[in-house]
Amino acid sequence: MNNDIRAINELKLLAVDMINRAKSGSPGIALDMAPVMYILFTKILNVYPSNPNFFNRDRVVLSSSLISPLYYGMLYMAGYDIKKEDLMNFKRLGSITPGLPEVYTTPGVDASTSFAGDGVGIAVGMALAKRYLNSLIKNEESKLNILTYDTFCFCSDADFISGSSMEAFTFAVEEGLDHLVFLYDYNQVIADGQYRGLKPDALVKQFSIMGFYAEILRDITNLREMIRILNKACDCGKPALIIFLNKIGIDSFNAGKNILHQGPLSFDDTENIRKKFNSFLAPFEISKDSLIHVQNQIKERTSKKYSKWLDQYNKAKGRMSFNMNLVLDLLENGKTDIAFDSANYKINDGYRETLLETNSKIMNLIANKSFLFLGGSAGMAFSTQTIIGNPDFQSKENPLVRNIMFGVRDRAMANILNGIALSGLRVFGSTKLCYLDELKSGVRMTALMNLPVTYIFTHDSLYDSEDGPARICCEQLNTLRMIPNLTVFRPADINEVMGSWEYILKSRKPSALVLTKNNVPKLPGSNSKEVLKGGYIIKSEDDRLDGIIIATGSEVVSSMQIAYDLRANGLDIRVISMPSLELFLSQGEEYRNLVLPDNVKTVVIEAGNGSCLSSFASGDEYILGINDFAYSGVSIEVLQKMDYDYESLKLKVETLLK
């Protein structure tokens, strides 16, 4: 293993050089986890550097995101399309080696990660997606093994402190996932100092009781034992946790100290490590012998496997059914197109029901069109009415069921959905709007990675007041709108719900659908196709334009009635439905001016903080919103208490527009 030890030492120095040049990073992790990273790539992983997106590659998620320089260095040594100059530009603008991993930026990076614990959920989502896709394939060809990849996730002490990781760990056990391995860098040092967490033997006992295969590698220099444990973890038939007993920055003057989380090594420390390794290489240099040694190991180990796999795949491909060809199209090309044209559905004028019921029917229409559409809820599938098909939940025994029971795991749900979406499937997740903060970090990462995840938030306003102010949120709609690259819809009726889904399915973009549980009619003038413009005239003025009301969601119903009632009082009012602020702002100036002409008094009605729509209002007093906690009580009484019942709103609009 002398060649392996030399290559490991060169990998350590390469990562240290990146951090030193950037003057930023965590050299301690790079030094103590280099043996694990090296052995994983050279002895375990089925990866193909010349084809980094091969769909049957093993996945690697860096929940311990500060390990990125070590990972980039390993990718470079393995032969991925990463140059020495890329390593030298670690953390620089425009570099393919950003400070934290970014999917689609660096070849070989399978997910973007940031917050502690989030990567654990992403890895779980990838394993769940593999099980679902494998079940689809084996349902048709029981002996066909074209999805055999494992998912590995690097974790730190911070991941085990984070609550979201435990949500994901317990979910993985409940779902009976396997070929899912968590690699825990147990160095007991976080940025603030010593972390006094559970001792390794206690962790093994805890995770074994939970249902994991768990084992400790006490000597990280014992490479043969590491290989044995890793191979066993891959084939144990359950989620696996390997605890690597480590000393952070093991080769540094400051080994074991939290300073190694907080910046580059000193010149003397770096030179001392070079001498310890007997290295005469210049910074960012890797010996030719080490490069050849690393790349030959990967090639020799994976090339025969790939040839055997490809032979089986090509034989099977010719006899696949139409449905299985859709699966192959997803795997090979990432295509999950779902045809949905809202114009194909005619709605009776007397239609009236809650938007939750409406959305449920539309989701089931979509589910009938594609078995690549699935999702679940954080313990509220029946409250949010997001069950598709029969009310059964996916499990190890029923892997083809498309309703995922996340349980009350809001944060893990978002991360797991991201992992499933990174595997190509179209997914949704639902909860009540008041719980947005529980999963917001995952929603933000959805938008950052530009994944086609749809979040469904229900019980969106004052009209759901029975549970009191803790469940009534005036701020969350705008919180969603402020997330870049997230398209938010708050539809007013069935036509607008259909139009929202048409955009969602065609755009393949991150989206959020915010729904009321109120009964609402099909509105005269509503148009599913107009939803694609974000805002449109749902009720025109009759003769002259005395004023405009802009409304969203269920407030559109009230606004139209106000406009009809005030016509008898001499006011001729236009009503604008604005189901998506983001889409409206993306329209050209000509269209926006047509809908909202200058010098016309404009009132905004939205049962929440109206600040995001304030630029359209004629002044602060023209924003009829809610910016306070509400009360417990029957809906109509709460609305009256807050001067937000129908008569109060009508009087305010009349006063403002006169």
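Contact list please: Cβ distance under 6 Å, first residue in the stretch 167-184 and in the same structural domain as Met33 (by TED's automatic domain parsing), second residue part of a helix (DSSP H, G or I) and surrounded by fewer than 23 Cβ atoms within 10 Å (Cβ to Cβ), pairs at least six apart or on different chains.
Val173/Met210
Condition (residue is over 19 Å from Phe489 (Cα atoms) and either among the β-branched types (Val, Ile, Thr) or touching a residue at least 60 places away in the same chain (Cβ under 8 Å) (or both)) applied to the stretch 581-595: is it met by at least one residue? It would help to see each step written out before you state the result.
The initial filter retains those residues of the stretch 581-595 that are over 19 Å from Phe489 (Cα atoms), namely 588-591, 593-594.
This time we only want the ones that are either among the β-branched types (Val, Ile, Thr) or touching a residue at least 60 places away in the same chain (Cβ under 8 Å) (or both), so: none.
There is no residue in the stretch 581-595 that is over 19 Å from Phe489 (Cα atoms) and either among the β-branched types (Val, Ile, Thr) or touching a residue at least 60 places away in the same chain (Cβ under 8 Å) (or both).
Of the conditions (1) over 27 Å from Val47 (Cα atoms); (2) surrounded by fewer than 20 Cβ atoms within 10 Å (Cβ to Cβ), Lys138 satisfies every one except a single condition; which number is it?
For Lys138, the failing item is (1).
Specify which of the listed residues (Ile292, Ile347) is outside the structural domain of Met126 (by TED's automatic domain parsing) and either in a loop (DSSP other than H, G, I, E, B) or exposed (fewer than 15 other Cβ atoms within 10 Å of the Cβ) (or both).
Working: Ile292 fails: outside the structural domain of Met126 (by TED's automatic domain parsing).
None of the other options fit; the residue is Ile347.
If you take just the helices (runs of 4 or more DSSP H) that sit entirely in the stretch 526-613, which of them hold at least 1 residues that are of a type in the set (A, V, I, L, M, F, W, C) and more than 30 Å from the chain's Cα centre (by Cα)?
Output list reads 555-567, 589-595.
Could you pull out the residue among Asp269, Asp251, Asp311 that is assigned to a helix (DSSP H, G or I), assigned by TED's automatic domain parsing to the domain that holds Phe55 and either free of Cβ contacts under 8 Å to residues at least 24 places away in the same chain or under 38 Å from the mean Cα position of the chain (by Cα) (or both)? Please lay out each step first, then the result.
Details: Asp251 fails: assigned to a helix (DSSP H, G or I); Asp311 fails: assigned by TED's automatic domain parsing to the domain that holds Phe55.
It is Asp269.
Which pairs have Cβ atoms under 9 Å, sit 6 or more apart or on different chains, and link a residue in the stretch 323-344 that is in contact (Cβ under 8 Å) with a residue 60 or more places away in the chain and loosely packed, with under 12 Cβ neighbours inside 10 Å to one that is among the acidic types (Asp, Glu) and not in a loop (DSSP other than H, G, I, E, B)?
Ala343/Glu502
For residues that are over 14 Å from the mean Cα position of the chain (by Cα) and among the aliphatic types (A, V, I, L, M), tally how many sit in the stretch 438-479. Spell out how you get there, then give the answer.
Quick first cut of the stretch 438-479, residues over 14 Å from the mean Cα position of the chain (by Cα) only: 457-479.
Right, trim to among the aliphatic types (A, V, I, L, M) and you get 462, 470, 472, 477.
So the answer is 4.
How about the stretch 371-408: which of its residues are surrounded by fewer than 20 Cβ atoms within 10 Å (Cβ to Cβ), part of a loop (DSSP other than H, G, I, E, B) and of a type in the set (S, T, N, Q)?
Answer for the stretch 371-408, where residues must be surrounded by fewer than 20 Cβ atoms within 10 Å (Cβ to Cβ), part of a loop (DSSP other than H, G, I, E, B) and of a type in the set (S, T, N, Q): Asn390, Ser395, Asn398.
Here are Ile416, Ile387, Ile404: which of them is within 22 Å of Gly163 (Cα to Cα) and touching a helix residue (DSSP H, G or I) at 6+ places or on another chain (Cβ under 7 Å)? I'd like the intermediate steps shown before the answer.
Numbers: Ile387 fails: within 22 Å of Gly163 (Cα to Cα); Ile404 fails: touching a helix residue (DSSP H, G or I) at 6+ places or on another chain (Cβ under 7 Å).
Result: Ile416 is the single residue among Ile416, Ile387, Ile404 that is within 22 Å of Gly163 (Cα to Cα) and touching a helix residue (DSSP H, G or I) at 6+ places or on another chain (Cβ under 7 Å).
Only one of (1) over 21 Å from Ser287 (Cα atoms); (2) assigned to a helix (DSSP H, G or I); (3) of a type in the set (Ser, Thr, Tyr) fails for Tyr71. Which number is that?
In the conditions (1) over 21 Å from Ser287 (Cα atoms); (2) assigned to a helix (DSSP H, G or I); (3) of a type in the set (Ser, Thr, Tyr), Tyr71 misses (1) alone.
Return a yes/no flag: does the stretch 27-40 have any residue that is of a type outside the set (S, T, N, Q) and either within 22 Å of Leu310 (Cβ to Cβ) or not in a helix (DSSP H, G or I) (or both). Let's see the steps before the verdict.
Of the stretch 27-40, the ones of a type outside the set (S, T, N, Q) are 27-40.
Keeping just the survivors that are either within 22 Å of Leu310 (Cβ to Cβ) or not in a helix (DSSP H, G or I) (or both) gives none.
No, the stretch 27-40 contains no residue that is of a type outside the set (S, T, N, Q) and either within 22 Å of Leu310 (Cβ to Cβ) or not in a helix (DSSP H, G or I) (or both).
Given the criteria in contact with a helix residue (DSSP H, G or I) (Cβ under 7 Å, 6 or more places away or on another chain) and charged (D, E, K, R), does Arg471 qualify?
Details: in contact with a helix residue (DSSP H, G or I) (Cβ under 7 Å, 6 or more places away or on another chain): yes; charged (D, E, K, R): yes.
Yes, satisfied.
Tell me which of these Met226 doesn't satisfy, since it passes every other one: (1) assigned to a helix (DSSP H, G or I); (2) surrounded by fewer than 22 Cβ atoms within 10 Å (Cβ to Cβ); (3) touching a strand residue (DSSP E or B) at 6+ places or on another chain (Cβ under 8 Å).
Answer for Met226: the failing condition is (2).
Would the stretch 611-634 turn up any residue that is surrounded by 12 or more Cβ atoms within 10 Å (Cβ to Cβ) and of a type in the set (D, E, K, R)?
No, the stretch 611-634 contains no residue that is surrounded by 12 or more Cβ atoms within 10 Å (Cβ to Cβ) and of a type in the set (D, E, K, R).
Quick check: is even one residue across the stretch 248-271 modelled with pLDDT of 90 or more, among the β-branched types (Val, Ile, Thr) and crowded, with 20+ Cβ neighbours inside 10 Å? Outline the logic, then answer.
The initial filter retains those residues of the stretch 248-271 that are modelled with pLDDT of 90 or more, namely 267-268, 271.
Okay, now just the ones that are also among the β-branched types (Val, Ile, Thr), so none.
Among the residues of the stretch 248-271, not one is modelled with pLDDT of 90 or more, among the β-branched types (Val, Ile, Thr) and crowded, with 20+ Cβ neighbours inside 10 Å, which makes the answer no.
If only one of Tyr503, Tyr564 is of a type in the set (Phe, Trp, Tyr) and surrounded by fewer than 18 Cβ atoms within 10 Å (Cβ to Cβ), which one is it? Before the answer, list the steps.
Details: Tyr503 fails: surrounded by fewer than 18 Cβ atoms within 10 Å (Cβ to Cβ).
The match here is Tyr564.
Are any residues in the stretch 71-106 in contact with a strand residue (DSSP E or B) (Cβ under 9 Å, 6 or more places away or on another chain) and either of a type in the set (A, V, I, L, M) or surrounded by fewer than 21 Cβ atoms within 10 Å (Cβ to Cβ) (or both), and if so, which ones? Let's see the steps before the verdict.
At the first step, the residues of the stretch 71-106 found to be in contact with a strand residue (DSSP E or B) (Cβ under 9 Å, 6 or more places away or on another chain) are 71, 100-101.
Of everything in the stretch 71-106, just one residue is in contact with a strand residue (DSSP E or B) (Cβ under 9 Å, 6 or more places away or on another chain) and either of a type in the set (A, V, I, L, M) or surrounded by fewer than 21 Cβ atoms within 10 Å (Cβ to Cβ) (or both), namely Leu100.
Please go through (1) hydrophobic (A, V, I, L, M, F, W, C); (2) farther than 30 Å from Asp4 by Cα; (3) touching a helix residue (DSSP H, G or I) at 6+ places or on another chain (Cβ under 8 Å) for Leu265 and return the number of the only condition it doesn't satisfy.
(2)
Given Lys130, Lys143, Lys91, which one is outside the structural domain of Val427 (by TED's automatic domain parsing), in contact (Cβ under 8 Å) with a residue 60 or more places away in the chain, in a loop (DSSP other than H, G, I, E, B) and of a type outside the set (A, V, I, L, M, F, W, C)?
Details: Lys130 fails: in a loop (DSSP other than H, G, I, E, B); Lys143 fails: in contact (Cβ under 8 Å) with a residue 60 or more places away in the chain.
Checking each option against the conditions leaves just Lys91.
Taking the stated definitions as given, is Thr148 of a type in the set (S, T, N, Q) and surrounded by fewer than 19 Cβ atoms within 10 Å (Cβ to Cβ)? Please lay out each step first, then the result.
Details: of a type in the set (S, T, N, Q): yes; surrounded by fewer than 19 Cβ atoms within 10 Å (Cβ to Cβ): yes.
Yes.
State all residues of the stretch 229-245 that are touching a helix residue (DSSP H, G or I) at 6+ places or on another chain (Cβ under 9 Å) and loosely packed, with under 15 Cβ neighbours inside 10 Å; if no residue qualifies, say none. Give the derivation first.
Keep residues of the stretch 229-245 that are touching a helix residue (DSSP H, G or I) at 6+ places or on another chain (Cβ under 9 Å), which gives 230-231, 234, 238-245.
Answer for the stretch 229-245, where residues must be touching a helix residue (DSSP H, G or I) at 6+ places or on another chain (Cβ under 9 Å) and loosely packed, with under 15 Cβ neighbours inside 10 Å: just Asn231.
Is it true that some residue in the stretch 645-654 is part of a loop (DSSP other than H, G, I, E, B) and of a type in the set (Gly, Ala, Ser)? First the steps, then the outcome.
In the first step, residues of the stretch 645-654 are kept if they are part of a loop (DSSP other than H, G, I, E, B); the result is 645.
After this cut, where a residue has to be of a type in the set (Gly, Ala, Ser) as well, the list is none.
Looking for residues that are part of a loop (DSSP other than H, G, I, E, B) and of a type in the set (Gly, Ala, Ser), one finds none in the stretch 645-654, hence no.
Six or more apart or on different chains, Cβ under 6 Å: which pairs go from a residue in the stretch 284-297 that's farther than 19 Å from Pro69 by Cα to one that's assigned to a helix (DSSP H, G or I)? Could you list them?
Taking only residues 6 or more apart or on different chains, the pairs are His293/Asn3; His293/Ala7; Gln297/Thr42.
Any residue at all in the stretch 193-208 that is at pLDDT 95 or above, under 31 Å from the mean Cα position of the chain (by Cα) and hydroxyl-bearing (Ser, Thr, Tyr)?
yes
Looking for something more than 23 Å from Glu10 (Cα to Cα), surrounded by 23 or more Cβ atoms within 10 Å (Cβ to Cβ), in the same structural domain as Ile248 (by TED's automatic domain parsing) and not aromatic (Phe, Trp, Tyr) - is there at least one such residue anywhere in the stretch 49-59?
Yes, because at least one residue in the stretch 49-59 is more than 23 Å from Glu10 (Cα to Cα), surrounded by 23 or more Cβ atoms within 10 Å (Cβ to Cβ), in the same structural domain as Ile248 (by TED's automatic domain parsing) and not aromatic (Phe, Trp, Tyr).
The values are calculated or read from the model by the stated rules, or taken from the named source; none is laboratory data. Note that this is a predicted model, so its numbers are computed, not measured. Because the Cβ atoms are built from the backbone with ideal geometry, glycine has one as well, and the counts that use them run over all protein chains shown.
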